[in-house]
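Taking it in order: structure first as structure tokens, then the write-up.
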Amino acid sequence: MSTPAAPSASGAGAGNTAANGGAPTPSPRDLIHTRIWQEEPEPDNPFATRAAYCRGYDVFGELVGQARWVEMLLLLLRDERPAPAAVATLEALAVALANPGPRDASVHAAMCGGVGGSTAAASLIAALSVGAGRNGGARDVHDAMLLWQRCGTDLAAWADYDPAPAGEPMQVWPAAGHLPGFEPHGVSTTTVVRQLLTTLAGYQAGPRCAWLLERLETLRLTIGLPLAISGVAAAALSDLGLTPGEGEMLYLLLRLPGAAAHALEQQAGGFRQFPFYPLELDPAATPEAP
């Protein structure tokens, strides 16, 4: 599969212009190869797209107006269009993750960007950066999907799993302090986690969500922590056959709509209406100046 690249300023890719009515013909060295995407050029311009194909499907002639957005997401990651159960699972998960809410650190970061007058891109990048880590963020989902790969449905293996084994190579992420996919400050499994897991298990896209649902209380008692939304997402994304890297990417992507909406709201309202309490320091805890 190949996609023509734009010619360089030095004229690379100009090729033979006579064969195409004066339009430049790209050189083979200027073709971009990918298994995912293929483009056909317009007859009068080899650098303009006449048709685009994703995994062989005509995007504008076949998918637009027919396929759901989540079908396109899965098709970008897999060679075939997904089964109905997979589409329903990802669509339900996307709705659940669309807005983590203003108490979530990633959304709060986007809101700070919006109220401070940052650009749209800066607000979203703030949300991505803050929501990328191991405390309920995308890396937590990645690690929880690794847990599924290594432990499967062996409850004893979950109980013995070391989230930060000795000798682990140095990473950009802080060491994991709790089992991935679980709420480190939780007391009981929240209602929304139960509701989401019940819905996802009903689609029967794979065995993991149903296994978790049947053992929610057992897991809480065994692990000592309740399941988190990130843990539900990891189970669902694993049921869809995605890799930990793919799940991490999708988790980052699916949480952006709420960050965008809250950033826009704060941009319009201004800092005087910022919905967080002011920071008040305890004078008794503040060291006296020398």
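For this structure, a couple of remarks:
- Ranked by the mean number of other Cβ atoms within 10 Å per residue, highest first, peptides 205-212, 112-119 order as 205-212, 112-119.
- Stretchable slack from residue 83 to residue 154, in nm (0.36 nm times residue separation minus alpha-carbon distance): 22.8 nm
- Along the axis of the charge dipole computed for region 93-220 (Cβ charges of +1 for Lys and Arg, -1 for Asp and Glu, origin at the Cα centre), the listed residues 148, 211, 97 are led at the positive end by 97.
- For region 111-168, the Kirkwood radius over C-alpha pairs fed into Stokes-Einstein at 37 °C and 0.692 mPa s yields D = 239 µm² per second.
- Each residue, residue 42 and residue 187, gets one label point 7 Å from its Cα in the Cβ direction; the gap between the two is 6.4 nm.
Only the coordinates and a few stated rules stand behind these numbers; no lab work does. A quick note: this is a predicted structure, and the numbers were derived from the prediction, not measured. Neighbour counts run over all protein chains shown; Cβ positions are idealised from the backbone, glycine included.
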